[in-house]
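Report on the following structure.
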Amino acid sequence: MIKRCDLHSHSTFSDGTCTPAELVSLAEKQGLSALALTDHNTSKGLKDFMEAGRNSSVITVPGCEFTTEWNHKEIHIVGLFFKEETWPEIEDFLELAHIAKISSNEQLISRLNEAGYDISTDEVYELTGGNDFNRAHIARVLYAKQYVSSVKEAFDGILKEGNGFYVPPKRITSLAAIRFIKVYHATAIFAHPLLNLTYDEMREFLPQAKEAGLDAIETHYTEFTDEMMHTAESLAEEFGLKQSGGSDFHGEAKPGISLGTGRGNLEVPYSFYEDMLACSGSK
């Protein structure tokens, strides 16, 4: 049997709907050999995730997905194989970003209220168990109250940047996030690259990112067409970068996307896990 992995998933500690332990159980059912938890801008779910992995056939990989900015574009950088003693450092590094994000999201709700949308911060916090929330949680409340017909419609309309309600917070720079990841001997990966940058922008960004320590780019990703996958693969080869991949699974928050298989045609080879492990210097 071919061994497969998924190096990009989310739990209830960011905007997913499965707990870290539930993700591990689901990975077992899906027949995955390795799974990474890469919650947005937090390491808080890693303790539960790694504990669940101790009694599992699935290798659990501690990670984090950093929301960053380059040339006024939002770019997501995934770090994998953070050692447990470095998890508090992730929270310290992201503290100012967390404060800015909380302010941004509370202002978003205030603007929605002013426009007549009946939504409160308490309702959104209920979805997170009191943890920080983001636009995905706000979208779920808007959907539950039938202001939109889907979470996607909320993101494409009401919550889209530039439509008057959402003003993004000041973000960490992409190169700073990559350097941070490498300081702690973790693996730095550019997540879903062709969703964020054009081909020409990629060719401008990648030399800078490689110099900062970027190890890999995601070439196998749920929303990639075959053409996008081949383009990403050619860029990885040209710039001497390894390949990674994952479903970006969020549970019910992203219906139709399954752990390990995405929309049904995703297959991330186990060799990607082995390459990402080697980039971290871990054993």
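The values are calculated or read from the model by the stated rules, or taken from the named source; none is laboratory data. Since we're looking at a predicted model, the values are computed, not measured. Glycine gets a Cβ as well: all are built from the backbone with ideal geometry, and neighbour counts include every protein chain shown. The accessibility values were calculated without ligands, DNA or RNA, using every heavy atom of the protein model including side chains. Shrake-Rupley method; radii C 1.70, N 1.55, O 1.52, S 1.80 Å.
Worth a mention:
- Positions within the range 1-31 being within 20 Å of residue 265 (Cα to Cα), open to solvent by 10 Å² or more (accessible area, probe 1.4 Å) and in contact (Cβ under 8 Å) with a residue 40 or more places away in the chain, in sequence order: 2, 3, 4, 26, 30, 31
- Extreme residue, farthest from residue 165 (Cα to Cα), among residues of the range 106-123 that are of a type in the set (A, V, I, L, M, F, W, C) and touching a Lys or Arg at 6+ places or on another chain (Cβ under 8 Å): 119
- Looking only at the range 177-207, and only at residues there that are in a helix (DSSP H, G or I) and open to solvent by 70 Å² or more (accessible area, probe 1.4 Å), the one that is nearest to residue 81 (Cα to Cα): 183
- Yes/no for residue 122 being open to solvent by 80 Å² or more (accessible area, probe 1.4 Å) and either at pLDDT 90 or above or of a type in the set (Asp, Glu) (or both): yes
- Looking only at residues of the range 221-249 that are closer than 19 Å to residue 278 by Cα and of a type outside the set (D, E, K, R), we find that the one that is surrounded by the fewest Cβ atoms within 10 Å (Cβ to Cβ) is 240.
- In this structure, residue 79 does satisfy being in a strand (DSSP E or B) and touching a Cys at 6+ places or on another chain (Cβ under 7 Å).
- Among all positions in the range 162-170, there is no residue which is in a helix (DSSP H, G or I), at pLDDT 90 or above, among the aromatic types (Phe, Trp, Tyr) and out of contact with any strand residue (DSSP E or B) (no Cβ under 7 Å at 6 or more places or on another chain).
- Close pairs (8 angstrom Cβ cut-off, 6 or more residues apart or separate chains): on the phi > 0 side of the Ramachandran plot and surrounded by 19 or more Cβ atoms within 10 Å (Cβ to Cβ) in the range 255-270, of a type outside the set (Phe, Trp, Tyr) and assigned to a helix (DSSP H, G or I) anywhere: 260/27
- Residues located in the range 1-48, provided they are in a helix (DSSP H, G or I) and farther than 14 Å from residue 65 by Cα: 20, 21, 22, 23, 24, 25, 26, 27, 28, 29, 47, 48
- Some residue of the range 34-55 being in contact with a helix residue (DSSP H, G or I) (Cβ under 6 Å, 6 or more places away or on another chain), at pLDDT below 95 and either on the phi > 0 side of the Ramachandran plot or surrounded by fewer than 24 Cβ atoms within 10 Å (Cβ to Cβ) (or both): yes
- None of 189, 178, 158 is closer than 18 Å to residue 72 by Cα and touching a residue at least 12 places away in the same chain (Cβ under 8 Å) except 178.
- Where residue 254 falls short, out of the listed (1) at pLDDT 95 or above; (2) farther than 16 Å from residue 187 by Cα; (3) under 16 Å from the mean Cα position of the chain (by Cα): (1)
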